[in-house]
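Read the structure below first, then the notes.
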Amino acid sequence: MARAVWSGALSFGLVALPVQLFSATESHTIRFHQLQRGTSDRVRNKRVNERTGDEVPPQEIVKGFDMGDEYVVVEPEELDDIAPGQSKSLEITGFVDLDRVEPVFFDKTYYLAPRGKEYAKVYALLHSALARANKVGIATVVMRNREYLVAVKAEGDVLAMHTMHWADEVRDPHREIGSLPEETQVADKELQTAVQLVEALSIDWKPDEYRDTYQEKVLQLVEAKRTGQTVEKGEPPPRSTNVVDLMDALRASVEQAETARKEEGTAGGTAGRRKGGGEGRAGRASEKAAKPSSSELAELSKAELYRRASDADIPGRSSMTRSELLKALTGKGGRRAARAS
């Protein structure tokens, strides 16, 4: 069972609710130890007195604020003494529409729980009120010697608390990024096709369907090195789409998405009929697509390769990677194409 990271009283108006705070997420990042190259010797970080070089135990470490010519030393308990109420209270000062809070302000998520069964009714009342009103409670809280701006929100059947960035912590993109476009004109035809692509790629949000594939590749690399094997390198990042090829890329992307959706819906039946009814057209298109040399095809983007694969009526093209499209167009991917049909 998880341990509470903070406990105190959540209040709104004259209502106070004793609560505990629990981390809502956990990281599954793979962590490596630091070793000295060529050895199995661990390299560790130590807290060292920079003047004497001696290691300093945690209980002898205090906080010092640099004033330029001297340090002002502050003990941990002194920080608690200056705001005993703030460090134990979570006071909601107002409620705002959830849609008005921009995602960039949200940081880390915690679950709030009542600190006893006798407080279940107050907890349920606040949860139901926030859910029905579609609002979040804005509050401040002090944790670990730092004050946080937070939003209390109904999530599922629990109350969640999101720590937020202060307004002066959120950077202005127009001031920080020099390459942002300014009033760039977009052609209506391109916009319509882009919207069509967005609609074609629209899905239901199912977070369980996503997993950390990079972590899996790291573990495969570790296992391969342990057993003396090699790991195949991943595909390079896609090349940038040229403005000249933008419309072609959009059209090919829409066709790819719609084809994939149709193939999922027909469970292979349509694929068989398409093969039987269009062999002549596929043969003619294949001859047309085979004209460019392998080196010329290698210079094309994935979108252009997909367009040529569509012209050639290559089966299974919607699920192919760039390298598989290239092999299919140069005649080296016939085995996969045959399986896909």
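Take the residues of the stretch 200-248 that are assigned to a helix (DSSP H, G or I) and of a type in the set (S, T, N, Q): which is modelled with the highest pLDDT? Before the answer, list the steps.
Within the stretch 200-248, the subset assigned to a helix (DSSP H, G or I) is 200, 207-209, 213-227, 243-248.
If we keep only those that are of a type in the set (S, T, N, Q) too, we end up with 213, 215, 220, 227.
On the way: T213: 78, Q215: 80, Q220: 83, T227: 87.
If we take residues in the stretch 200-248 being assigned to a helix (DSSP H, G or I) and of a type in the set (S, T, N, Q), then T227 is modelled with the highest pLDDT.
Of L90, L21, L10, L79, which residue is surrounded by 10 or more Cβ atoms within 10 Å (Cβ to Cβ), touching a residue at least 12 places away in the same chain (Cβ under 8 Å) and touching a Lys or Arg at 6+ places or on another chain (Cβ under 9 Å)?
Working: L90 fails: touching a Lys or Arg at 6+ places or on another chain (Cβ under 9 Å); L21 fails: touching a Lys or Arg at 6+ places or on another chain (Cβ under 9 Å); L10 fails: touching a Lys or Arg at 6+ places or on another chain (Cβ under 9 Å).
Within the list L90, L21, L10, L79, the selection yields L79.
Checking the conditions here, which among V15, V48, V62, V74 is farther than 21 Å from M161 by Cβ, touching a helix residue (DSSP H, G or I) at 6+ places or on another chain (Cβ under 9 Å) and surrounded by 10 or more Cβ atoms within 10 Å (Cβ to Cβ)? Even if it seems obvious, please write down each step before you answer.
Values: V15 fails: farther than 21 Å from M161 by Cβ; V48 fails: touching a helix residue (DSSP H, G or I) at 6+ places or on another chain (Cβ under 9 Å); V74 fails: touching a helix residue (DSSP H, G or I) at 6+ places or on another chain (Cβ under 9 Å).
On inspection, the qualifying residue turns out to be V62.
Hey, any hits in the stretch 71-79 for a residue that's charged (D, E, K, R) and in a strand (DSSP E or B)?
So the first thing to find is which residues in the stretch 71-79 are charged (D, E, K, R), and the list is 75, 77-78.
Applying the additional criterion that residues be in a strand (DSSP E or B) yields none.
Checked the stretch 71-79: no residue is charged (D, E, K, R) and in a strand (DSSP E or B).
Does the stretch 48-67 contain at least one residue that is closer than 30 Å to G156 by Cβ and of a type outside the set (A, V, I, L, M, F, W, C)?
Initially, the stretch 48-67 is screened for residues closer than 30 Å to G156 by Cβ, giving none.
Within the stretch 48-67, none of the residues are closer than 30 Å to G156 by Cβ and of a type outside the set (A, V, I, L, M, F, W, C).
State the number of residues belonging to the stretch 155-199 that are of a type in the set (S, T, N, Q), free of Cβ contacts under 8 Å to residues at least 40 places away in the same chain and assigned to a helix (DSSP H, G or I).
So in the stretch 155-199, the residues of a type in the set (S, T, N, Q) come out as 163, 179, 184-185, 192-193, 196.
Among the residues that remain, those that are also free of Cβ contacts under 8 Å to residues at least 40 places away in the same chain are: 179, 184-185, 192.
From the residues that got through so far, the ones that are assigned to a helix (DSSP H, G or I) too are 192.
So the count comes out to 1.
Going through the stretch 141-171 one residue at a time, which ones are surrounded by 12 or more Cβ atoms within 10 Å (Cβ to Cβ) and among the aromatic types (F, W, Y)? Steps first, please.
We begin by selecting, within the stretch 141-171, every residue surrounded by 12 or more Cβ atoms within 10 Å (Cβ to Cβ); these are 141-143, 145, 147-155, 158-165, 170.
Answer for the stretch 141-171, where residues must be surrounded by 12 or more Cβ atoms within 10 Å (Cβ to Cβ) and among the aromatic types (F, W, Y): just Y148.
Pairs only if they're at least six apart or on different chains, beta carbon under 7 angstrom, first in the stretch 62-75 and free of Cβ contacts under 8 Å to residues at least 40 places away in the same chain, second of a type in the set (K, R); list them, first residue then second.
V74/K63
The values are calculated or read from the model by the stated rules, or taken from the named source; none is laboratory data. Quantities reported herein were computed from a predicted structural model and do not represent experimental measurements. Methodologically, a virtual Cβ is constructed for each residue, glycine included, from the backbone with ideal geometry; neighbour enumeration extends over all protein chains shown.
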